[in-house]
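Below is one structure, written out as structure tokens; the observations come after it.
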Amino acid sequence: MTADSPPLPARAPLPVRGHGTVLDVVIPVHNEEDDLEACVRRLHAHLTATFPYGFRITVADNASTDRTPEVSAALDEAFDEVTAVRLEEKGRGRALHTVWSLSEAPVLAYMDVDLSTGLNAVLPLVAPLISGHSDLAIGTRLAGGSRVVRGPRREFISRAYNVLLRTGLAARFSDAQCGFKAVRKDVAERLLPLVEDTGWFFDTELLVLAERAGLRIHEVPVDWVDDPDSSVRIVRTAADDLRGVWRVGRALATGALPLDRLRRPFGDDPRDRAVPGVPRGLARQLLGFCVVGVLSTGFYLALYSLLRTATGPQTANAVALLLSALANTAANRRLTFGVRGRDRAVRHQAQGLVVFAIGLVLTSGSLAALHAAGGSPAHGPSHGPSHGAELAVLVTANLAATVLRFLLLRAWVFPAASATRNDR
């Protein structure tokens, strides 16, 4: 994906009528001479009987050293819909990346060679991509309608991994490891250049980036039976996955990935139609600003209360407001206005400090007025208004400053981000 690539268009149904091959199912294998033939024959029979469009099964052999290449070649010869591809380097992710990049099918999928997932889920997996409803689709073993047979150790590892993704990468999809996924070709063309992993973390990274870019991931509950002879090395895979989580999390935190070019515009949802006098994107920015504001206000009040035990109200207010303002600007920069990376970060913080100064004038003036009315100097000992009265006045003053802060952030600090969102 080049720097001048246009954004993805709005979702639309795929033009599958008259298209020879609609679905390309990739089976990545490494030393699977015993299971490969039975897997391909079973999958081919199922797709022939149930799938209403043209399909292809691609056996992606990544550096097998047994008879897997011979078995793949024989299957390629036996079925018109089967293609054998040989890669000289190991890695499931490398195999998927290679075959998906070369395939011309509008829907790309993969499944593990053991076919642990029930094949009745193939059509429900692919249908939302063909209809234009979703960009990616995954099978999930953790949904309410799923039926799963596996040992407690595998169950614990799977659930622990998904908890790690939810906490470490804020992932919302339920099952990252199920070997049963599909993606639209137009989406894969944008996503694949951003995915670095070539092993087992490949599809997890693909899903995380897609979700962060705002693409829609459809989940299909599946029937799944554990393969007791699986060749996956759990400890080594877990270590690789942890490194992948750290790498992707760091890239997302620093804004190193151009995810904006993966965002789709909204379609014909009536809730997205322009309202006269209300700029598009304003509602989303207001929501983000409010969330950040609530959190930063709580942070500010906690700091003020802590500092107030050791210093006067004005000093406590100034220090607490300064620290919370820095955090508020950083959070609004990323979460509310979608500005990523370090470009102009210092300038944004400097402008945020000007906004902070306005808030300081309002809150300090309110505190001074309160203590003047109570007959106690603002910097003197705490014999005047109660601590609760101080907090109440500060909250009121901050609410007044909040409206002005949002307008200044939108129109002065982040005008380019606001304009970009308004054009979407």
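Bear in mind that the values in this text are calculations on the coordinates, not laboratory data. Note that the coordinates shown come from a computational prediction; the quantities given were computed from them, not determined experimentally. Using ideal geometry, Cβ is built from the backbone for each residue, glycine included, and neighbour counts are taken over all protein chains shown.
In sequence order, segment 358-366 has phi-based couplings of 5, x, 5, 4, 5, 6, 5, x, 5 Hz under the Karplus curve 6.51 cos²θ - 1.76 cosθ + 1.60, θ = phi - 60°, and Gly or Pro positions carry x. Computed as a quarter of the hull surface, the mean projected area of the alpha carbon convex hull for segment 95-197 stands at 7.5 nm². Estimated at 0.36 nm per residue, the fully extended path between THR311 and ARG159 surpasses their Cα-Cα distance by 49.9 nm. On full extension, the segment bounded by ALA302 and SER101 gains 67.1 nm, given 0.36 nm per residue less the C-alpha separation. Between the beta carbons of ALA389 and LEU335, assuming R0 = 22 Å, the FRET efficiency works out to 0.10 to the nearest 0.05. Proximity of backbone amide H atoms, modeled 1.01 Å from N, is registered between THR140 and VAL220, VAL222 at under 5 Å, excluding neighbours fewer than 5 places apart on the same chain. By the compact-protein rule of thumb, 2.2 N^0.38 Å, the alpha-carbon radius of gyration of segment 137-182 corresponds to a ratio of 1.13.
Each other residue within a Cβ distance under 10 Å of VAL82 adds +1 if Lys or Arg and -1 if Asp or Glu, for a net charge of -2. So for the chain, taking the charge dipole from beta-carbon charges (+1 Lys/Arg, -1 Asp/Glu), which of VAL187, VAL319, SER386 sits furthest toward the positive end? Positive-most Cα among the choices belongs to SER386. With everything on Cα atoms, drop me the angle between helix 68-78 and the longest principal axis of the chain, reported from 0 to 90° to the nearest 10. The angle comes out at about 70 degrees.
Calculated translational diffusion coefficient of the chain (25 °C, 0.890 mPa s; Stokes-Einstein with Kirkwood radius over alpha-carbon pairs) equals 98 µm²/s. Given a Förster distance of 51 Å, report the FRET efficiency between ALA239 and PHE79 from their Cβ-Cβ distance, rounded to the nearest 0.05. That gives a FRET efficiency of 0.85. Placing unit charges on the Cβ atoms only, positive for Lys and Arg and negative for Asp and Glu, gives segment 36-139 a dipole magnitude near 240 debye about its Cα centre. Between the amide H of THR58 and those of VAL25, VAL26, ILE27, THR83, distances stay under 5 Å, these residues lying 5 or more places away or on another chain, with hydrogens modeled in the peptide plane. Fully extending the segment from ALA38 to ARG216 would add 60.7 nm, taking 0.36 nm per residue of separation and subtracting the current Cα-Cα distance. Note down the net charge around VAL222, summing +1 for each Lys or Arg and -1 for each Asp or Glu among other residues with Cβ under 13 Å from its Cβ. Charge balance near VAL222 sits at -1. Using the Cβ-Cβ distance between ASP260 and ASP227 with R0 set to 41 Å, the FRET efficiency from 1/(1 + (r/R0)^6) comes to roughly 0.55.
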